[in-house]
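Here, each number is a calculation from the coordinates, and none is a lab measurement. Not measured: the values here are computed from a predicted model. Note: ideal-geometry Cβ built from the backbone for every residue, glycine included; neighbour counts use all protein chains shown.
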Ligand SMILES: [Zn+2]
């Protein structure tokens, strides 16, 4: 295949533009901010679990407090009733002794339950502090995530703007190249290969393979408008004054 040497040289600029686009695409899908956001998402989820756990504990403690408090109230009423009976007097010795025994038992039991209530209140305080801590952590992390998301948007916009410029340059370059040569270049690029490379210092600019003397000699023998391909990677080997043939 033949193609004007000047047109072949344009392929090198086109290959640069295509490589630049690949780099920009890679950058846009590997933004550092995405990793930061994922890490923050994980931390926020953990803090939310802490908060839910603290809230469930708080509900359990409230229920337990109400149950014991109800029992204490019932006992107090019973003690009041028994005391009233004692004050009224006129009880037989056996009944009196039983009543006093019951009052002592009630007072002891109530003392234990009141201690339990105090212990629950202490736990409620601790659980409340845990919930507050988790809430504050969530707020802080969410603010941080908003900042990172803003940074991510800015970074993505910057890449998109760069991409637009390179895309424009690429279109201009493609318009300068004949359809036949462009078709060879595009076919070579399918599968992620480099379309064209400069032959320099005995190496293919696309795959960096060093060409042997025989190959170099046969390339040197070709007219300048012959389209030469790299035997290794298939890229169009563009020859210029730099090629040293
Ligand atoms: Zn090559």
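Nearest 10 degrees, 0 to 90: what angle lies between the long axis of helix 32-88 and the longest principal axis of the chain (Cα atoms)?
10 degrees
Compute the length gained on full extension between residue 22 and residue 1: take 0.36 nm times their separation in residues and subtract their Cα-Cα distance, giving the result in nm to one decimal. Walk me through the intermediate numbers first.
Working: separation 21, 0.36 × 21 = 7.56 nm, distance 2.81 nm.
Full-extension gain reported as 4.8 nm.
Given springs between every Cα pair under 10 Å in a Gaussian network model of the chain, which of 12, 40, 211 has the largest fluctuation?
Evaluated over the chain, the most mobile residue of the options is 211.
Apply 1/(1 + (r/R0)^6) to the Cβ-Cβ distance of residue 240 and residue 150, taking R0 = 30 Å, and write down the FRET efficiency to the nearest 0.05. Working shown, then result.
Values: r = 46 Å, r/R0 = 1.54.
It comes to 0.05.
At 222 nm, what value in deg cm²/dmol follows for the chain if DSSP H runs of at least 4 each add -39500 (n - 2.57) and the sum is divided by all its residues, to the nearest 500?
Values: 5 runs with 185 residues, N = 245.
After summing the helix terms and dividing by residue count, I get -28000 deg cm²/dmol.
Could you please rank 10, 184, placing first whichever residue has the fewest other Cβ atoms within 10 Å of its Cβ?
Working: 10 22, 184 19.
Arranged by neighbour count, lowest to highest, 10, 184 become 184, 10.
According to the Cα gyration tensor, what semi-axes, each the square root of 5 times an eigenvalue, does the equivalent ellipsoid of the chain have, listed from largest to smallest in whole Å?
Taking √(5λ) for each Cα gyration eigenvalue gives 92, 16, 11 Å.
Scattering from the C-alpha atoms of the range 1-138 alone, worked out with Debye: what is log10 I(q)/I(0) at q = 0.09, 0.14 1/Å?
-0.61, -0.85
May I ask for log10 I(q)/I(0) of the range 115-245 at q = 0.11, 0.21 Å⁻¹, from a Debye sum over the Cα atoms as equal point scatterers with solvent left out?
Calculated log10 I(q)/I(0) at the listed q: -0.63, -1.19.
If you average the sequence gap of Cα pairs under 8 Å that are 6 or more apart and divide by the length of the range 31-160, what percent do you get for the contact order?
Here the relative contact order equals 57 percent.
If neighbour count is taken as other Cβ atoms inside 10 Å, put 187, 43 in order from fewest to most. Let's see the in-between values first.
Details: 187 12, 43 15.
Going from sparsest to densest Cβ surroundings: 187, 43.
With a 10 Å cut-off between alpha carbons and a GNM built on the chain, which of 87, 146, 215 moves the most?
87
Between 169, 202, 108, which gets the highest mean-square fluctuation from a Gaussian network model of the chain, Cα cutoff 10 Å?
In this elastic network of the chain, the residue with the biggest mean-square fluctuation among 169, 202, 108 is 108.
Rounded to the nearest 10 degrees, what's the angle between the helix 93-176 long axis and the longest principal axis of the chain, both from Cα atoms, 0 to 90?
Approximately 10 degrees, to the nearest 10.
Pulled fully out, how much extra length does the chain show between residue 207 and residue 193, if you take 0.36 nm times their separation in residues and subtract their Cα-Cα distance? List each step's numbers first, then the result.
Working: separation 14, 0.36 × 14 = 5.04 nm, distance 0.91 nm.
Value of the extension gain: 4.1 nm.
Evaluate E = 1/(1 + (r/R0)^6) for residue 38 and residue 58, where r is the Cβ-Cβ distance and R0 equals 25 Å; express this FRET efficiency to the nearest 0.05.
On the way: r = 31 Å, r/R0 = 1.23.
In this case the efficiency is close to 0.20.
Using alpha carbons only, how many degrees (0 to 90, rounded to 10) separate the axis of helix 5-29 from the longest principal axis of the chain?
With both axes taken from Cα atoms, the answer is about 0 degrees.
With 10 angstrom as the radius, rank 147, 212 by how many other C-beta atoms surround their C-beta, starting from the fewest.
Working: 147 13, 212 10.
Result, fewest neighbours first: 212, 147.
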